[in-house]
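Novice: Input: one structure, supplied below.
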Amino acid sequence: MARITVEDCIDKFESRFELVLVASNRARKLHSGEVPTVEKDNDKNTVISLREIAEETISADEFKQSLIEEYQTASPIDEEELALEFNEENIDDEAAPAETSEVSDETFVNEASEELTEGISEINHDQISEDNTEVETVQNK
């Protein structure tokens, strides 16, 4: 295959965006040392990854799964951990802290506003004092 184009690969994926994501991911893996599934033929990793896609040496599903695993940050959770039972007591207990956090957030905002207002007042007071000092100095000359 002398040239590889997007048109040779696009029919393997739903969109061009998906193709680009998968091909770039595979090219990075080839760069990091993975063995290509097609002959290298003195091609760059991006071309090799597109050739692998076009020749289907690796299935599209395997490419997608590899991409997902690379970007997955959460580890799989056991089904037992997911099987939490919620009863009315748990729901009521969970609702109460949310209300408390809203109150504490509101309190935090109010305190921050008061501190900001006080800081501005102090700056204005200091500026007025400096201006008065300058006026007195000018008058004394």
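The values are calculated or read from the model by the stated rules, or taken from the named source; none is laboratory data. Bear in mind that the values here come from a model prediction, so they are computed numbers and not experimental data. Cβ placement follows ideal geometry from the backbone for every residue including glycine, while neighbour counts extend to all protein chains displayed. Ligands, DNA and RNA are stripped out before the accessible areas are found, and what is left, the full protein with its side chains, is counted by its heavy atoms. Shrake-Rupley method; radii C 1.70, N 1.55, O 1.52, S 1.80 Å.
Novice: Scan (1) surrounded by 16 or more Cβ atoms within 10 Å (Cβ to Cβ); (2) assigned to a helix (DSSP H, G or I) for the single condition Arg28 breaks and write down its number.
Specialist: Going through (1) surrounded by 16 or more Cβ atoms within 10 Å (Cβ to Cβ); (2) assigned to a helix (DSSP H, G or I) one by one, Arg28 breaks only (1).
Novice: Would you pick out the residues in the stretch 1-25 that are under 28 Å from the mean Cα position of the chain (by Cα) and open to solvent by 60 Å² or more (accessible area, probe 1.4 Å)?
Specialist: Those that are under 28 Å from the mean Cα position of the chain (by Cα) and open to solvent by 60 Å² or more (accessible area, probe 1.4 Å): Glu14, Arg16, Phe17, Val20, Leu21.
Novice: Go through (1) at pLDDT below 90; (2) open to solvent by 50 Å² or more (accessible area, probe 1.4 Å); (3) not in a helix (DSSP H, G or I) for Thr37 and report which single condition fails.
Specialist: For Thr37, the failing item is (1).
Novice: If I go through the stretch 44-56 residue by residue, how many of them are charged (D, E, K, R), open to solvent by less than 50 Å² (accessible area, probe 1.4 Å) and either without any contact (Cβ under 8 Å) to a residue 24 or more places away in the chain or touching a Phe, Trp or Tyr at 6+ places or on another chain (Cβ under 9 Å) (or both)?
Specialist: Looking only at that region, the number is 1.
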